[in-house]
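Just below is one structure, and these are the notes that go with it.
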Amino acid sequence: MTPRGIRNNNPGNLNFAHQPGAVLEPGPNARFARFPTPEAGLEALRDQLIRYILRYHIDTVTGIISKWAPPTENDTSSYIEGVSHALGVEPDETLGQPTPRLLSGLMNAIIRFENGQNPYGGLVLQVASDMQKDVMT
């Protein structure tokens with residue numbers, strides 16, 4: 001069966017928060033956003049990461065993943081370890097300003113962890129490269 005995040009065009013499994021273009025997924029346990037296209041879901045994932053880094057100054061893998069996937073619901077320590085390994089950084093290393101390379105690395109790792117697969121290929125880097133200036137401030 002296709003993972004929930006892929007079915008919802010929400011590869012980061014973002015909770016529904018009235019994101020532009022998103023609706024609440026259907027079903028009895030609905031909580032995640034459903035986006036109209038894979039690109040829209042990838043853009044929401046990218047924009048949330050940019051907000052964490054620039055607006056909230058959450059700029060380590062430990063900080064980002066602890067907020068993204070809190071230990072009350074997830075195996076956060078394994079998630080942190082997997083994302084850190086994928087990026088080739090220490091969990092508490094400062095990541096710096098968001099760049100297409102950093103964002104695509106984070107996005108790819110999150111997509112794989114959330115869904116067990118990543119069917120998006122080069123689309124992730126394409127979306128990561130199109131950073132919105134209004135999200136960054």
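The values are calculated or read from the model by the stated rules, or taken from the named source; none is laboratory data. For clarity, every value in this text was computed on a predicted model and none was experimentally measured. Cβ coordinates were reconstructed from backbone atoms using ideal geometry, including for glycine residues, and neighbour counts include every protein chain displayed. Side chains are part of the model used for accessible areas, which takes the heavy atoms of the whole protein and leaves out ligands, DNA and RNA. Shrake-Rupley method; radii C 1.70, N 1.55, O 1.52, S 1.80 Å.
Positive end of the dipole of segment 59-101 (Cβ unit charges, origin at the Cα centre): among Thr60, Pro98, Ser78, the Cα lying farthest that way belongs to Pro98.
For segment 3-58, the spread of Cα coordinates along the three principal axes comes to 35, 21, 20 Å, biggest extent given first. From helices alone, the chain scores -13500 deg cm²/dmol at 222 nm; the rule is -39500 (n - 2.57) for each run of n ≥ 4 DSSP H residues, then divide by the residue total. Summarising the label geometry, the points placed 7 Å from Cα in the beta-carbon direction at Asn15 and Thr94 lie 3.0 nm from one another.
Taken about its Cα centre, the chain carries a charge dipole of about 360 debye when Lys and Arg each add +1 at the Cβ and Asp and Glu each add -1 at the Cβ. Ignoring the sites themselves, the chain has its longest run without GluC sites (Glu not before Pro) in a DSSP loop having at most 14 other Cβ atoms within 10 Å at 1-72. Only protein atoms count toward the accessible area here, which uses a 1.4 Å probe; on segment 37-137, the carbon and sulfur part of that area reaches 48 percent.
Heavy-atom accessible surface of segment 17-122, averaged per residue, reaches 52 Å², computed with a 1.4 Å probe. Taking amide H as placed 1.01 Å from N in the peptide plane, Phe32 has its amide H under 5 Å from the amide H of Phe16, Glu25, each at least 5 places away in sequence or on another chain. Over every Cα atom in segment 1-134, the radius of gyration and the widest Cα-Cα span, Dmax, amount to 13.8, 40 Å.
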